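All remarks here apply to the structure that follows.
The values are calculated or read from the model by the stated rules, or taken from the named source; none is laboratory data. Since the structure is predicted, the reported quantities are computational estimates derived from the model, not experimental observations. Cβ placement follows ideal geometry from the backbone for every residue including glycine, while neighbour counts extend to all protein chains displayed.
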Amino acid sequence: MAQIQLITTGGTIASRPGGTSSDVVADITGAELRAGLHDPLEGIGLDVDDFCRVGSSAIELPLAFALARRIAEHLARPDCDGVVVTHGTDTMEESAFLADLLVDSDKPVVFTGAQRSADAPDTDGPRNIANAVRLAASPLARGLGAMIAFEDEFHAARDVTKTHTSRTDTFRSGEHGKLGEIDGGVVSLHRRPVLRRTYAPARLETEVDLIKLAMGTSDRMIRAAASGGARAIVVEGFGRGNPTPAITAAIGEIVASGTAVIMCSRCPEGRVRPIYGNGAGKDAERAGAIFAGDLAGVKARILACVLLGEGADMARLREEITFFGG
Ligand code: ASP
């Protein structure tokens with residue numbers, strides 16, 4: 001019998017309107033979530049670890065780091081075959097990618113949650129948990145790293161993002177596509193993720209900022225981030241990874257002072273590449289910016305937090321980010 005560990009953290013899947021107000025809050029225990037499953041999950045044992053009970057907009061990097069460590073602790077037990085984490089959807093992709101980077105195990109790690117709260121008659125939570133547990137118990141899922149299982153599909157942590165604020169089919173992997181699906185409880189695997197490496201930092205660097213550019217964005221935010229103590233700044237620029245000329249002009253000084261600048265794109269698909277002059281991407285590269293391929297800004301930030309937490313210098317940051325950029 002496969003033995004799966006369910007770790008619960010809160011989120012909509014564990015939320016309902018509170019006693020005296022209509023505010024939806026995470027107050028449902030792991031044991032209640034377990035008891036609410038309709039699927040008997042024959043042949044699979046399921047233990048519950050009530051890790052925390054919060055909306056994922058309140059999860060901070062140290063808590064996500066502690067969660068990744070808890071996942072690794074469970075997987076280190078010979079009697080644990082895989083882990084399922086229930087988590088709010090808002091920042092699930094970040095916790096999942098962090099676990100992907102930190103958990104050095106072939107055993108499956110599957111994140112899931114819900115878009116409809118637990119009191120909704122048509123909540124998607126119980127089915128998502130059952131699918132995630134079946135995936136975590138499947139031999140097909142070994143060696144795939146951390147994944148998100150949602151709405152009968154599963155996705156690689158590096159590629160997946162929440163795309164819709166409220167629909168249940170919110171998680172997508174853009175042009176890379178899903179890893180596979182869980183149809184009637186049966187797992188089908190379509191592809192394997194290849195951009196995977198694990199790290200063992202003693203802590204995460206939390207001082208890593210992300211700035212999304214809009215037409216004409218000035219250098220005010222990037223200079224404030226640098227002078228405010230950021231160790232790295234991820235810039236979601238235009239198209240191929242083009243900052244505004246004002247941002248590009250600031251990058252040289254910021255990099256020279258020891259703060260890394262990582263270029264991503266505000267486009268949801270495609271890779272950044274230094275091509276354009278006149279204060280755009282080519283000049284940003286000359287100024288020392290690291291180009292992050294097609295890694296999304298939030299994922300590049302998590303990677304930088306891990307690498308800087310390990311004490312990486314600028315050259316190592318460049319080499320690892322370039323690898324993950326694909
Ligand atoms: N606000 C919720 C959270 O991320 C949304 C959800 O779980 O779907 O915790």
Between a first residue in the range 103-116 that is under 19 Å from Ala72 (Cβ atoms) and at pLDDT 95 or above and a second residue that is in a loop (DSSP other than H, G, I, E, B) and away from the ligand (no atom under 16 Å from the Cβ), which pairs have beta carbons less than 6 Å apart while being 6 or more apart in sequence or on different chains?
Asp104/Thr198; Asp106/Arg142; Asp106/Gly143; Val109/Val103
If a residue must be modelled with pLDDT of 95 or more, within 15 Å of the ligand (Cβ to nearest atom) and small (Gly, Ala, Ser), how many such residues does the range 118-139 contain?
2
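Among residues belonging to the range 281-295 that are part of a loop (DSSP other than H, G, I, E, B) and in contact with a strand residue (DSSP E or B) (Cβ under 6 Å, 6 or more places away or on another chain), point out the one that is nearest to Thr161 (Cα to Cα).
Within the range 281-295, the match that is nearest to Thr161 (Cα to Cα) is Ala292.
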Every residue in the range 1-14 that is touching a Gly at 6+ places or on another chain (Cβ under 7 Å) and within 15 Å of the ligand (Cβ to nearest atom), please.
Thr8, Gly10, Gly11, Thr12, Ile13
Quick one: in the range 247-269, which of the residues that are surrounded by fewer than 16 Cβ atoms within 10 Å (Cβ to Cβ) and either touching a residue at least 60 places away in the same chain (Cβ under 8 Å) or hydroxyl-bearing (Ser, Thr, Tyr) (or both) is nearest to Ala284 (Cα to Cα)?
Ser257
So, first residue more than 20 Å from Val83 (Cβ to Cβ) in the range 47-68, second residue among the aliphatic types (A, V, I, L, M) and within 14 Å of the ligand (Cβ to nearest atom), Cβ within less than 8 Å, six or more apart or across chains; the pairs are Gly55/Val25; Gly55/Ala26
Picking from Ala300, Ala230, Ala304, Ala315, which residue would you name as being part of a loop (DSSP other than H, G, I, E, B) and closer than 17 Å to Glu205 by Cβ?
Ala230
Going residue by residue through the range 50-58, is there one that turns out to be in contact with a His (Cβ under 9 Å, 6 or more places away or on another chain), within 26 Å of Thr165 (Cβ to Cβ) and either away from the ligand (no atom under 12 Å from the Cβ) or of a type in the set (Ser, Thr, Tyr) (or both)?
yes
Only residues that are under 22 Å from Ile302 (Cβ atoms), part of a strand (DSSP E or B) and of a type in the set (S, T, N, Q): list them for the range 233-272, please.
Ser265
So, restricting to helices (runs of 4 or more DSSP H) that lie completely within the range 1-115, which ones have at least 2 residues that are under 24 Å from the mean Cα position of the chain (by Cα), more than 19 Å from Leu144 (Cα to Cα) and of a type outside the set (S, T, N, Q)?
30-35, 61-76
Within the range 65-80, is there a residue that is under 16 Å from Ile44 (Cα atoms), out of contact with any strand residue (DSSP E or B) (no Cβ under 9 Å at 6 or more places or on another chain) and within 16 Å of the ligand (Cβ to nearest atom)?
no
